[in-house]
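The values are calculated or read from the model by the stated rules, or taken from the named source; none is laboratory data. What you are looking at is a predicted structure, and each value in this text was computed from that prediction instead of being measured. So basically every Cβ, Gly included, is an ideal-geometry build from the backbone, and we count neighbours across all protein chains shown. These accessible areas exclude ligands, DNA and RNA; they are computed on the full protein's heavy atoms, side chains included. Shrake-Rupley method; radii C 1.70, N 1.55, O 1.52, S 1.80 Å.
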Amino acid sequence: ETGVTQTPRHLVMGMTNKKSLKCEQHLGHNAMYWYKQSAKKPLELMFVYSLEERVENNSVPSRFSPECPNSSHLFLHLHTLQPEDSALYLCASSQEYGSVFSSGANVLTFGAGSRLTVL
Amino acid sequence: GEDVEQSLFLSVREGDSSVINCTYTDSSSTYLYWYKQEPGAGLQLLTYIFSNMDMKQDQRLTVLLNKKDKHLSLRIADTQTGDSAIYFCAEKVNKIIFGKGTRLHILP
């Protein structure tokens, strides 16, 4: 497989469930990202990992817990979610982490997303 | 502050040119991007432009950058039904900031 692969593509869960979203990249990239895409809102950056170290955590509720066991895999663990957490969760990767110290274009490659519905 | 604004909808007749506009607020942007999202898919990079350029052309796509007005546009020549998608403008400051996306609808 090539590119960025996300599983599951669709997930329906109750507020008391615990589930995980998985992302895998086959591009040899060093940075991985979780974004939340809700209707009529800008893409919200949730977490960034660079070389398996979390470098950004943008005020995301603790009911979302990321994990990056190696540079190719990224997980988002979900527990006690709320209905407003229903959204498309997009994983992305880039060659390097695009901070202010990075002079490159930092092109992001996205997965197809995991559509989450919280009942 | 960091903000990227774009209109939410655009309708264009097949064969015409589409022009999608975007404004941004941070003058220290180094790169500006256009991403495309088709139904049921993630975002796909279409093109990007370095901030010291004012135009970039790639086949049917033309990107124009007006740094003074902080305005970016994407022109799609000879619009086809396959161009129907959501187009996201983004800027790189210390991270990538995305707009809300413009949904392009193609009329027959």
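At a glance:
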item: Above-threshold pairs, the threshold being 25 Å between Cα atoms, out of B:68/B:95; A:36/B:68; A:18/B:95; result: A:36/B:68; A:18/B:95
item: Solvent-accessible heavy-atom area per residue, rounded to whole Å², over the protein assembly as shown at 1.4 Å; result: 48 Å²
item: Heavy-atom accessible surface that A and B bury in contact, both chains counted, 1.4 Å, Å² to 100; result: 1600 Å²
item: Chain A: Cys lacking any partner C-beta under 4.7 angstrom; result: A:68
item: Gyration tensor verdict on region A:1-112 (Cα atoms; rounded if a/c is under 1.5, prolate if a/b is larger than b/c, oblate otherwise); result: prolate
item: Sites residue B:7 and residue B:61, calculated FRET efficiency, Cβ-Cβ separation with R0 25 Å, nearest 0.05; result: 0.85
item: Ranking by accessible area, most exposed first, for A:53, B:91 with a 1.4 Å probe; result: A:53, B:91
item: Protein accessible area in region A:6-59, 1.4 Å probe - carbon and sulfur %; result: 47 percent
item: Sulfur and carbon atoms: percent of accessible area, region B:53-108 [1.4 Å]; result: 48 percent
item: Over chain B: Kirkwood hydrodynamic radius from C-alpha pairwise inverse distances, Å; result: 13.8 Å
item: In range of the label at residue A:18: residues from region A:65-81 whose backbone nitrogen is under 17 Å from the point 7 Å along Cα→Cβ; result: A:65-68, A:75-81
item: Three-way shape call for the protein assembly as shown based on the alpha-carbon gyration tensor, with the a/c threshold at 1.5; result: prolate
item: Chain B, relative contact order in percent, only Cα pairs under 8 angstrom and at least six apart counted; result: 39 percent
item: Full-stretch length increase - residue B:77, residue B:50 - with 0.36 nm per residue and alpha-carbon distance subtracted; result: 7.5 nm
item: Rel. contact order, % - alpha carbon contacts under 8 angstrom, at least six apart, chain A; result: 36 percent
item: Cut-off 11 Å (backbone N to label point 7 Å along Cα→Cβ of residue B:69), residues of region B:21-37; result: B:22-23
